[in-house]
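Visitor: Handing you this structure, nothing more for now.
The values are calculated or read from the model by the stated rules, or taken from the named source; none is laboratory data. Just so we're clear, the structure is a prediction, and the values are computed from it rather than from any experiment. All Cβ positions, even for glycine, are placed from backbone atoms using ideal geometry, and neighbour counts span all protein chains on display. Heads up: the accessible areas ignore ligands, DNA and RNA and are worked out on the full protein's heavy atoms, side chains in. Shrake-Rupley method; radii C 1.70, N 1.55, O 1.52, S 1.80 Å.
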Amino acid sequence: MSPQVCHCVEVQRIDDLAEDIRALELCRVDGGVFTPAGPGAHVRLTLPSGLQRCYSLVNGPNEDRQLQIAVQLDPASRGGSKELFSLAIGDTLTAAEPDNTFALAEGDDDVVLIAGGIGITPIWSMIQHLEQAARPWRLYYAARSHRSAAYRTELQELERSAPGRVVFAFSSDGQRLDLPAAVNSAGERTGVYCCGPDRIIKEFRALAAGLGERAHFEDFTPAEIAEGGFEVHLARSNMTLVIREGESILDAALDAGVEPEYSCTSGTCGSCITTVLDGNPDHRDYFLTDQEKAPGDRMMICCSGCRIGPLVLDL
Ligand code: FES
């Protein structure tokens with residue numbers, strides 16, 4: 001989806017949700033609404049420093065006047081979460097229109113949701129929409145501790161109203177998320193959605209391989225951009241780009257006026273998949289499986305780099 005429509009947005013509300021997790025509400029400065037993208041959607045923000053980051057939306061139904069995000073302060077982050085934690089009410093930044101690569105399917109009889117840590121954010125949006133539509137769901141939620149579990153109070157209330165549909169696993173209590181049980185609880189017409197760190201996603205993908213299109217996942221950890229310092233030739237555009245350190249092939253292509261498809265910019269959605277005509281890519285994405293990565297004939301240009309050059313792309 002390129003080029004993207006962007007809006008100047010203002011921080012209208014800040015709430016501390018859990019230990020090191022903060023919710024921000026962003027509204028368009030011109031008073032406009034955002035295009036509804038449904039539960040599971042994400043937004044690409046350009047922070048005041050110029051850093052660009054994608055965040056899942058936690059919006060409930062009919063909340064199109066604001067973007068609701070929840071951010072975890074990550075000491076190891078490359079600056080995005082620290083900068084968002086430094087924002088105050090009234091500060092402005094830029095937001096693209098929301099996009100959705102982790103959408104909730106309509107046709108499932110019921111829904112199993114699996115969240116690890118801050119991966120609860122798109123899942124919480126799904127729960128609010130499922131509740132409004134009176135559709136059945138179950139949640140398996142792993143968190144470091146009670147204090148670090150965002151939306152714990154709301155989920156405990158939902159559990160009280162229909163016992164058995166929320167299973168917490170707090171590592172501080174010695175509990176571990178029983179992923180096999182979560183995946184195996186899916187019936188013939190159950191949609192299964194998982195969002196969490198790389199470790200959980202990898203295990204989920206292996207366990208859910210037999211579910212086919214009923215298995216959906218999103219990794220909230222943006223893929224690390226591969227090292228720069230190499231050249232890429234774009235065959236169809238007939239141009240050669242030098243990829244600098246900290247820059248992705250996608251960034252360089254956009255700067256050069258080429259408009260590849262892209263969405264998440266974090267190696268998750270698959271939108272930026274590009275055919276490799278020569279060279280060998282350094283894969284960094286979460287989208288392709290190891291088997292799909294092996295031939296090196298396709299790559300995600302938002303994060304992957306060059307292992308053996310020259311890299312020639314069908315762009
Ligand atoms: S834009 Fe989503 S994987 Fe590259």
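Visitor: If I ask for residues that are hydroxyl-bearing (Ser, Thr, Tyr) and either in a loop (DSSP other than H, G, I, E, B) or within 14 Å of the ligand (Cβ to nearest atom) (or both), which ones from region 238-274 would you list?
Guide: Within region 238-274, Ser248, Tyr262, Ser263, Thr265, Ser266, Thr268, Ser271, Thr274 meet the criteria.
Residue by residue, here is whether (1) on the phi > 0 side of the Ramachandran plot; (2) modelled with pLDDT under 90; (3) in the same structural domain as Pro180 (by TED's automatic domain parsing) holds:
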| site | (1), (2), (3) |
| --- | --- |
| Arg199 | no, yes, yes |
| Arg205 | no, yes, yes |
| Ile225 | no, yes, no |
| Met239 | no, no, no |
| Arg244 | no, no, no |
| Ser248 | no, no, no |
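Visitor: Pairs under 7 Å by beta carbon, first residue within 15 Å of Ile201 (Cα to Cα) in region 262-285, partner outside any loop (DSSP other than H, G, I, E, B) and within 11 Å of the ligand (Cβ to nearest atom), six or more apart or different chains?
Guide: Partner pairs satisfying both residue conditions: Ser266/Cys54; Gly267/Met300; Thr268/Glu218; Thr268/Asp219; Asp285/Met300.
Visitor: Residue check: is Ala256 open to solvent by 40 Å² or more (accessible area, probe 1.4 Å) and without any contact (Cβ under 8 Å) to a residue 12 or more places away in the chain?
Guide: no
Visitor: If you take the residues of region 3-55 that are under 28 Å from Val258 (Cβ atoms) and among the polar types (S, T, N, Q), which of them is modelled with the highest pLDDT?
Guide: Residue satisfying both the conditions and the ranking: Thr35.
Visitor: Another question, then. Kindly provide the set of residues from region 8-35 that are open to solvent by 20 Å² or more (accessible area, probe 1.4 Å), farther than 21 Å from Gly119 by Cα and under 19 Å from the mean Cα position of the chain (by Cα), ordered by number.
Guide: Thr35
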